[in-house]
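What follows draws every value from the coordinates through simple rules; no lab data is involved. These numbers were taken from a predicted model, which means no experiment stands behind them. Note that each Cβ is placed from the backbone with ideal geometry, even for glycine, and that neighbours are counted across all protein chains shown.
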Amino acid sequence: MAQYQAAVIGGGPGGYIAAIQCAQRGLKTVLVEKLDLGGTCLNRGCIPTKTLLHSSDVFAEINHCKSLGIEVNGEVGFKYKKIAKRKDKVVKQLRSGVEALVSGHGADIIRGEAVLTGPHTFKVEDTEYEAENIILAAGSSPAFIPIPGADHEAVMNSDGVLSLTECPESVTIIGGGVIGVEFATLFANLGKKVAIVEMMPSILYGNDPEICELMTYILTEEKGVEIHTNAKVCEIQNGHTVVYEENGASQSIESELVVMAIGRKPETAALCPEAAGIKVTDRGFIEVDDHMRTNVPGIYAIGDITGKIQLAHVATAQGMVAADNAAGLDKTMKYDAVPSCIYTTPEIACVGLTEEKAKAQGIEIKTGKFDVSGNGRSLAINSSNGFAKIICDAKTEKVIGCHIVSANATEMIGEATLAIENGLTVDQLADTIHAHPTVSEILMEAAHDVHGLCCHKL
């Protein structure tokens with residue numbers, strides 16, 4: 001039986017980082033992955049979707065370049081097969097890089113599906129392994145609604161959409177969360193007919209209401225997306241017709257492609273956690289403490305299977321904590337300053353509390369807001385929809401939330417995350433000199449606005 005000091009099961013953004021860090025800490029380490037290194041994020045999520053979205057953004061911008069004084073002679077078209085091929089090339093390059101990093105840092109790589117056989121043992125096919133520490137990072141897979149017709153071969157989840165080599169002329173997306181809205185942006189940018197059917201009162205439900213309202217306007221009025229909220233999907237007929245109930249009436253939408261985008265479920269069962277005595281919730285999540293420890297000594301769990309926050313960068317942070325603790329250190333995971341990004345046009349980025357969540361916690365707040373229409377750089381790059389909102393604790397004036405809709409929002413959110421993580425006040429953010437002209441000035445302006453001292457706002 002092969003023996004290791006640390007075994008990581010799952011090679012996603014949390015797993016491969018955990019394996020590298022265990023090896024860096026001097027532990028004899030093995031990483032087990034049944035599919036592709038990089039996990040969902042690299043192969044079937046973050047990277048491929050953002051690569052496709054970039055191509056669609058460029059196409060949309062070219063089609064609207066007359067307002068920039070640019071004349072394009074002849075019809076502008078695209079070849080989706082080539083767009084998809086570029087996506088595959090980017091994914092392959094990054095995947096190869098991950099494998100080189102893991103091996104280069106001295107961790108072994110085993111291909112296959114790992115099954116726990118005890119508190120410190122697992123099997124890959126017919127070979128048994130033993131490890132002092134085991135880090136579970138099995139990830140998640142697309143969820144689906146158990147309604148008639150949902151299992152039709154023509155109905156796709158996010159994995160299926162990313163495997164397309166031809167672009168559908170019409171798409172109905174079930175689910176108006178992050179995944180659904182990003183796919184809607186992708187196909188709408190390419191000039192296709194898109195509809196979203198969402199059960200909640202708004203798309204992107206749970207985000208700042210002003211974000212939901214603005215993105216609804218942008219998608220419907222500027223991109224032509226048909227949005228149905230408070231709509232319950234009842235069945236899918238022949239793989240192409242979505243039947244739903246809205247305002248007590250039965251409605252239907254027919255499209256070439258139907259996409260199920262309702263979130264993800266943990267891939268826990270295949271691990272056989274019961275064989276190791278690991279506690280699992282009714283929803284299939286593995287219970288962990290803030291050290292990423294399960295109830296079984298020496299076994300950790302990270303990423304989507306923990307039921308915390310299903311984001312790649314959270315899994316990475318959890319992987320580092322678990323690896324350090326496996327090496328004998330004492331690290332804890334914090335979730336107070338976790339940024340989230342949505343790659344629409346314009347982008348959305350948030351960190352910390354919304355106004356509603358702060359009030360629900362009994363926190364007295366102050367807010368400042370600045371519209372990008374007052375920002376020189378935003379107007380220069382023809383991106384005038386959006387805003388930045390800063391939320392601070394009224395008593396301490398520490399920044400506790402930030403919500404941005406703008407070009408480059410996903411890059412700027414790091415500044416607000418740093419502010420929350422380090423307990424900075426709104427005045428410290430406002431007094432920080434920001435380069436001009438940049439979109440990032442909207443954060444400074446919003447911070448000034450908390451005290452009514454924004455010079456570029458009436």
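Hey, any idea what Rg/Rh is for region 183-244, computing Rh the Kirkwood way over Cα pairs? Spell out each step's value before the answer.
Values: Rg = 12.3 Å, Rh = 12.4 Å.
Reported Rg/Rh (Cα atoms, Kirkwood Rh): 0.99.
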Item checked: Span per principal axis, largest first, for the Cα atoms of region 340-449 (Å) -> 40, 28, 20
Next item on the list: Rounded to the nearest 10 degrees, what's the angle between the helix 46-63 long axis and the longest principal axis of the chain, both from Cα atoms, 0 to 90?
Entry: 20 degrees
Notebook entry, point to check: Given q = 0.12, 0.13 Å⁻¹, what are the Debye log10 I(q)/I(0) values for region 212-289, with equal point scatterers placed on the Cα positions and solvent ignored?
Noted result: -0.62, -0.68
Notebook entry, point to check: Angle, helix 312-326 long axis vs. longest principal axis of the chain, Cα atoms, 0 to 90°, nearest 10?
Noted result: 30 degrees
Check: What are the aspartates and glutamates whose alpha-carbon lies under 20 Å from the alpha-carbon of LYS357, with same-chain residues fewer than 8 places away excluded?
Finding: ASP208, GLU210, GLU213, ASP336, ASP393, GLU397, GLU421
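Sort the following peptides by mean Cβ neighbour count (other Cβ atoms within 10 Å, averaged over residues), highest first: 144-153, 41-50. Don't skip to the answer; put the middle values down first.
Details: 144-153: 13.5, 41-50: 21.5.
The most tightly packed comes first, giving 41-50, 144-153.
What share of Cα pairs, in percent, lie more than 22 angstrom apart in region 1-102?
Roughly 49 percent, rounded to a whole number.
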Item checked: Under-5 Å amide H pairs with ILE227, H placed in peptide plane, nonlocal only -> ILE196
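Could you work out Rg/(2.2 N^0.38 Å) for region 306-358, with Rg from alpha carbons only?
Values: Rg = 14.1 Å, N = 53, 2.2 N^0.38 = 9.9 Å.
Dividing the Cα Rg of region 306-358 by 2.2 N^0.38 Å gives 1.41.
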Checklist line | Full-extension gain in nm, ALA269 to HIS54, via 0.36 nm per residue minus C-alpha separation | finding: 73.8 nm
Margin query: Give me P(r) over region 155-262, computed from all C-alpha to C-alpha distances, binned every 10 Å, as integer percentages.
Written below: 16, 51, 30, 3
Checklist line | Residues of type aspartates and glutamates that LYS331 reaches as a straight line, Cα spacing below 12 Å, ignoring anything fewer than 8 places off in the same chain | finding: ASP289, ASP290
Checklist line | Semi-axis lengths (Å, descending) of the ellipsoid that matches the C-alpha gyration tensor of region 244-381 | finding: 35, 26, 16
Next item on the list: Quick one: P(r) of region 384-427 from all Cα-Cα pairs, 10 Å bins, percents rounded to integers, in order of increasing distance.
Entry: 29, 50, 19, 1
Next item on the list: Give me the lysines in straight-line cross-link reach of LYS192: C-alpha distance below 23 Å, same-chain residues under 8 apart excluded.
Entry: LYS50, LYS66, LYS79, LYS81, LYS82, LYS85, LYS87, LYS223
Item checked: Cysteines without a disulfide-compatible neighbour (Cβ-Cβ under 4.7 Å), the chain -> CYS22, CYS65, CYS167, CYS212, CYS234, CYS272, CYS341, CYS350, CYS392, CYS402, CYS454, CYS455
Notebook entry, point to check: If you compute Kirkwood radius over Cα pairs in Å for the structure shown, which of (i) 23.8; (ii) 22.3; (iii) 23.1 do you land on?
Noted result: (i)
Checklist line | Theoretical ellipticity at 222 nm over the chain - DSSP helices of four or more residues, -39500 (n - 2.57) apiece, nearest 500 | finding: -9000 deg cm²/dmol
Item checked: Mean-position separation - Cα centroids, region 1-71 and region 124-171, in angstrom -> 15 Å
Notebook entry, point to check: On average over all directions, what projected area in square nanometres does region 156-208 have, based on the convex hull of its Cα atoms?
Noted result: 3.9 nm²
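Starting with the highest mean, order 185-198, 266-279 by the number of other Cβ atoms within 10 Å, averaged over the residues of each peptide.
Working: 185-198: 22.8, 266-279: 17.7.
Ranking, from highest mean packing down: 185-198, 266-279.
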